[in-house]
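The values are calculated or read from the model by the stated rules, or taken from the named source; none is laboratory data. Bear in mind the structure is a predicted one, so any value in this text is a computation, not a measurement. Every residue, glycine among them, receives a Cβ derived from its backbone with ideal geometry; neighbour counts consider all protein chains shown. The area values use the complete protein model at the heavy-atom level, side chains included, leaving out ligands, DNA and RNA. Shrake-Rupley method; radii C 1.70, N 1.55, O 1.52, S 1.80 Å.
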Amino acid sequence: MNPFQTMTEKLLEKLKMNDRKAQQEFYNRFSVMMFRLVYRYVSNEQDAGSIVNLSFFRIFSHISGFEYSGENALYAWIKKIAVNESLMFLRRKVSFCELDDEPEGDTPDICTNENALDAEDCYRLIRKLPEDLRSVFNLHAIDGFSHKEIALQLGIKESSSRVYLTRARKFLRDYLNQKSI
């Protein structure tokens with residue numbers, strides 16, 4: 001082994017050899033992060049846990065094709081797999097329809113630095129959204145997908161993605177106003 005390899009690179013090499021201890025270490029290292037990511041998309045913890053397990057299965061099945069180029073690339077790859085598994089689950093469960101409403105003016109996101117809400121408050125608030133709105137909100141506002149990418153992922157028009165996002169923002173704004181936050 002190369003003495004200049006990082007701990008992560010050594011772990012990935014062991015994963016590529018199907019080392020069970022390495023799989024457990026990898027799971028322990030990333031499972032909480034993945035669960036929080038997936039739980040932003042789905043309604044309950046049991047579904048989130050199942051999706052996380054499917055994500056790890058997919059990661060371990062495809063690790064041999066992954067070329068390590070740094071921690072950020074690894075996180076991005078893991079995140080992409082977890083989001084894709086979440087979306088596959090949601091497409092089976094939630095009906096995303098084409099929406100023809102024109103989006104209202106651009107509504108700012110509620111979980112930005114200018115707002116008084118901390119990350120945990122934002123996380124809990126986003127969980128109050130219906131699954132279809134929450135999915136598009138997460139994809140766009142949190143995970144940075146474009147409306148074109150969201151439309152491709154969910155099988156809807158770009159304009160529908162914009163409407164879902166606008167409705168999600170309106171829902172959150174109305175909820176905050178109702179609670180006087």
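Below, the figures for the structure above:
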read-out: Selection count, the range 137-162, where residues are among the β-branched types (Val, Ile, Thr) and part of a helix (DSSP H, G or I); value: 2
read-out: Per-region count, the range 147-177, residues under 18 Å from residue 41 (Cα atoms), in contact with a His (Cβ under 6 Å, 6 or more places away or on another chain) and open to solvent by 10 Å² or more (accessible area, probe 1.4 Å); value: 1
read-out: Filtered residues of the range 92-136 (kept if surrounded by fewer than 11 Cβ atoms within 10 Å (Cβ to Cβ), at pLDDT below 80, of a type outside the set (A, V, I, L, M) and assigned to a helix (DSSP H, G or I)); value: 120
read-out: Matching residues in the range 163-181 - criterion: being in a loop (DSSP other than H, G, I, E, B) and in contact (Cβ under 8 Å) with a residue 12 or more places away in the chain; value: 181
read-out: The range 2-29 - residue that is aromatic (Phe, Trp, Tyr) and in a helix (DSSP H, G or I) and, of those, most open to solvent (accessible area, probe 1.4 Å); value: 27
read-out: Candidates 32, 52, filtered to the one that is without any contact (Cβ under 8 Å) to a residue 40 or more places away in the chain, crowded, with 17+ Cβ neighbours inside 10 Å and assigned to a helix (DSSP H, G or I); value: 52
